[in-house]
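Undergrad: Got a structure for you, questions after.
The values are calculated or read from the model by the stated rules, or taken from the named source; none is laboratory data. Remember, it's a predicted structure, so these values are computed and weren't measured experimentally. When we count neighbours, we look across all protein chains shown, and the Cβ atoms used for this are built from the backbone with ideal geometry, even at glycine.
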Amino acid sequence: MKLASMHYYPVKSTAGHEVREAEVHPWGLAGDRRYLITDEHGEVVTAREEPRLLSCVARLDGDALTLTGPHAGPLPVTPTASRSTVTMGRTPIELTDCGDDAARWLSGLAGRQVRLKWLDDPTRRPVNPQYGLPTDRVSLADGYPLLLTTTASLDRLNDWIVETALERGEEAPAPLPMHRFRPSVVIDGAAEPFAEDGWKRIRIGAVEFRVSKGCDRCVMTTIDTATYTKGKEPIRTLSRHRKWDGKVWFGVNLIPDAPGRIAQGDSVTIL
């Protein structure tokens with residue numbers, strides 16, 4: 001098996017970037033999800049509620065962040081000295097506000113009042129202790145440092161989606177692209193679809209990871225990133241083939257054992 005691609009998302013729920021190589025930090029890939037968007041009450045806002053956020057492209061040049069989008073000119077972001085506490089899941093975390101200019105820019109895109117927040121210290125947020133060690137940390141991803149998917153699993157899922165459509169008398173849809181699932185790393189050459197369900201530890205290049213748990217999927221996977229509209233797939237078909245514990249599943253979460261560097265084409269070994 002090999003590492004087919006890597007992706008990072010500077011601002012949670014905005015467009016991702018594919019890179020040929022990346023530093024792996026304890027909390028995730030370098031530059032991944034250190035920023036997020038909140039409403040005026042400090043509640044996290046994602047593309048689940050505001051799909052147009054996916055049209056925002058956040059670019060990093062070193063530590064400097066610039067926002068680009070279809071509604072306004074590019075905006076360099078300058079964090080302030082103001083901090084506030086935001087709750088992610090059940091965990092309160094202190095974040096730095098990124099100022100009124102960024103708030104106005106993103107509010108214009110979202111069509112509601114929102115603000116941009118920055119995790120200035122990525123060692124601040126622990127992972128769920130049920131699935132990690134007390135020392136494990138995560139940026140502003142949903143729960144774990146990296147998300148792994150495989151091309152074999154996506155191919156099988158797309159076959160199932162076509163079967164579901166034809167059984168219902170619908171036109172066979174185009175295959176879903178992998179970016180719908182917002183992975184950190186995509187693996188090619190798995191022996192079987194969903195083989196990753198049974199992995200406990202893996203090595204990518206020279207970096208070793210624990211597989212903490214499977215990834216339950218939400219409505220965000222149903223958003224067409226060309227039109228920013230929601231459809232039925234893949235949730236409809238995952239509910240038929242990949243549903244247990246009241247959730248649907250695609251991909252697995254990873255926690256790195258130590259920092260390192262990985263690159264496209266690196267070998268992948270099950271440990």
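Undergrad: Go through the range 46-64 and report how many residues are touching a strand residue (DSSP E or B) at 6+ places or on another chain (Cβ under 6 Å) and surrounded by fewer than 20 Cβ atoms within 10 Å (Cβ to Cβ).
TA: Counting residues in the range 46-64 that are touching a strand residue (DSSP E or B) at 6+ places or on another chain (Cβ under 6 Å) and surrounded by fewer than 20 Cβ atoms within 10 Å (Cβ to Cβ) gives 2.
Undergrad: Take ALA72 and tell me if it is at negative phi and not in a loop (DSSP other than H, G, I, E, B).
TA: For ALA72, the condition - at negative phi and not in a loop (DSSP other than H, G, I, E, B) - is not met.
Undergrad: Follow-up question, since we're still on this one. Spot the failing condition for GLU49; the list is (1) under 22 Å from GLY73 (Cβ atoms); (2) part of a loop (DSSP other than H, G, I, E, B), and only one is missed.
TA: (1)
Undergrad: So GLY62 fits all but one of (1) touching an Asp or Glu at 6+ places or on another chain (Cβ under 8 Å); (2) at pLDDT below 95; (3) not acidic (Asp, Glu); what number is the exception?
TA: Condition (1) is where GLY62 drops out.
Undergrad: Okay, moving on. Please note which strands (runs of 3 or more DSSP E) are completely contained in the range 197-271 and include at least 2 residues that are more than 16 Å from LEU157 (Cα to Cα), out of contact with any Asp or Glu (no Cβ under 8 Å at 6 or more places or on another chain) and modelled with pLDDT of 95 or more.
TA: Passing ranges, in order: 207-216, 247-256, 268-270.
Undergrad: Tell me, yes or no, whether the range 158-175 has at least one residue that is touching a Cys at 6+ places or on another chain (Cβ under 8 Å) and among the aromatic types (Phe, Trp, Tyr). Show your work before the answer.
TA: Taking the range 158-175 as the starting set, the residues that turn out to be touching a Cys at 6+ places or on another chain (Cβ under 8 Å) are none.
No, because not a single residue in the range 158-175 is touching a Cys at 6+ places or on another chain (Cβ under 8 Å) and among the aromatic types (Phe, Trp, Tyr).
Undergrad: Looking for something in a helix (DSSP H, G or I) and surrounded by fewer than 19 Cβ atoms within 10 Å (Cβ to Cβ) - is there at least one such residue anywhere in the range 132-150? Reasoning before the result, please.
TA: Of the residues in the range 132-150, the ones in a helix (DSSP H, G or I) are none.
Within the range 132-150, not a single residue is in a helix (DSSP H, G or I) and surrounded by fewer than 19 Cβ atoms within 10 Å (Cβ to Cβ).
Undergrad: Continuing with this model, one more query. Out of all the residues in the range 185-198, which are crowded, with 19+ Cβ neighbours inside 10 Å and either out of contact with any Ser or Thr (no Cβ under 9 Å at 6 or more places or on another chain) or among the acidic types (Asp, Glu) (or both)?
TA: Scanning the range 185-198 gives a single hit, GLU196.
Undergrad: Separate question: Would you mind telling me which numbered condition in (1) surrounded by fewer than 18 Cβ atoms within 10 Å (Cβ to Cβ); (2) farther than 30 Å from VAL211 by Cα ASP121 fails?
TA: Result: ASP121 passes all but (2).
Undergrad: Then there's this: At pLDDT below 95, out of contact with any Cys (no Cβ under 6 Å at 6 or more places or on another chain) and of a type in the set (S, T, N, Q), is that true of THR96?
TA: no
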